[in-house]
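A short write-up of the structure that comes next.
The values are calculated or read from the model by the stated rules, or taken from the named source; none is laboratory data. Keep in mind that what you see is a predicted model, and the values were worked out from it rather than measured. We place every Cβ from the backbone using ideal geometry, glycine too, and count neighbours over all the protein chains shown. What goes into the accessible areas is simple: the full protein's heavy atoms, side chains included, and nothing from ligands, DNA or RNA. Shrake-Rupley method; radii C 1.70, N 1.55, O 1.52, S 1.80 Å.
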Amino acid sequence: MHYAVGVAVYLFFYVLVVVYPLLIDIAFGATGGGFPLLRVLLFSLPVFLVGPRVVRRFADKQPLIPDEYRAGSYVFRSVGNFFVFIGHLGFFGSIGFAVYVASIGATGVPVGYGLALAQFAYALGIALVEIGYRQWRSDENLEKLTSYVKPVWITIGVLLALNFIIGLFGMASTGRPADLLSYDERRALARSNGYAREVQKKAQAFFEAERRLPCINDKYIDVESLIGPPPAEFDIEIMDCGRFTITVESVDGVVRKPLLWIASEADTDILEWRCYSGHHERIERHTNGRCVYDSSLAESL
């Protein structure tokens, strides 16, 4: 598959995973703990190498890999193209697998891991190909490329500095306090919420069929098929009618404590869900108000 496709995929994920969270952090006051400086710089290296050539590609229509460079025997280019190919397999293979999983109705399958890991292969491949390209230009005594590296470094540096300063003051422009969750805790909270949505879908389907809230004896969901046999990463407990709990691995250092989800009938045919925690004092902040803290639930959950 074409090298330019790999570059396009990587640049898209770079904006999505690195630049976008930094901008969100600046807007909402979070400190970006999941994207430390070293990680940003490592993922920026391929962008700094290929970015000027992408700009040049749009300006003068020159291909990213000229025929003369492709015809040459350069180890960096060959090895780099191999890793780009591995990235293609991981990225597009994961998309195909996701379509298959969706077609058979399976839930809880972490298909996103392949997409994420593919970016590491793309990063290494792009870096090697670009190093080989510069070696080829040097051997051919071609003019130096126009460099946009310095402005890009300055832009990233300004974003990081603003992100750090705003996070240090702990207050966003909207007046919301900073969310200090680490990346692993944000991921754990997001995954538990994802599993909660799967339970809610089954409850909604039961409600539409029976016109009542599902209860324990209705066995409207097979928890083990959703999260796997014990010991599972998450614990889901179906409680009385329209209620269930799901644990979160860690939030604010509070380990394996549950969130309580309660359904209520609305004027429409869609159940309304409310979320509570008796253990995570800042849960409302971490979930943008979707869950609230209620200390009275601490003993019962």
Whether any residue in the stretch 100-107 is touching a helix residue (DSSP H, G or I) at 6+ places or on another chain (Cβ under 8 Å), closer than 29 Å to Ala188 by Cα and at pLDDT below 85 is what I want to check.
yes
Subset of the stretch 283-301 (residues that are assigned to a loop (DSSP other than H, G, I, E, B) and at pLDDT 90 or above):
Asp294
Within the stretch 246-269, tally of residues that are over 16 Å from Glu198 (Cβ atoms) and in contact with a helix residue (DSSP H, G or I) (Cβ under 7 Å, 6 or more places away or on another chain):
5
Filter result (in a strand (DSSP E or B) and crowded, with 20+ Cβ neighbours inside 10 Å) within the stretch 211-237
Ile236
Has the stretch 116-123 got any residue that is assigned to a helix (DSSP H, G or I), open to solvent by less than 40 Å² (accessible area, probe 1.4 Å), among the polar types (S, T, N, Q) and within 30 Å of Pro66 (Cβ to Cβ)?
yes
Just a yes or no: is a residue in the stretch 246-256 out of contact with any Cys (no Cβ under 6 Å at 6 or more places or on another chain), polar (S, T, N, Q) and crowded, with 19+ Cβ neighbours inside 10 Å?
yes
Among the residues of the stretch 258-285, how many are over 17 Å from Phe234 (Cβ atoms) and in contact (Cβ under 8 Å) with a residue 12 or more places away in the chain?
14
Please list, ordered by first then second residue, the pairs with beta carbon atoms under 9 Å, 6 or more apart or interchain, first in the stretch 230-244 and farther than 19 Å from Asp218 by Cα, second open to solvent by 80 Å² or more (accessible area, probe 1.4 Å) and outside any strand (DSSP E or B).
Pro230/Glu224; Ala232/Glu224
Those residues of the stretch 259-284 which are open to solvent by less than 80 Å² (accessible area, probe 1.4 Å), closer than 16 Å to Arg186 by Cβ and under 24 Å from the mean Cα position of the chain (by Cα) amount to Leu259, His280, Arg282, Ile283
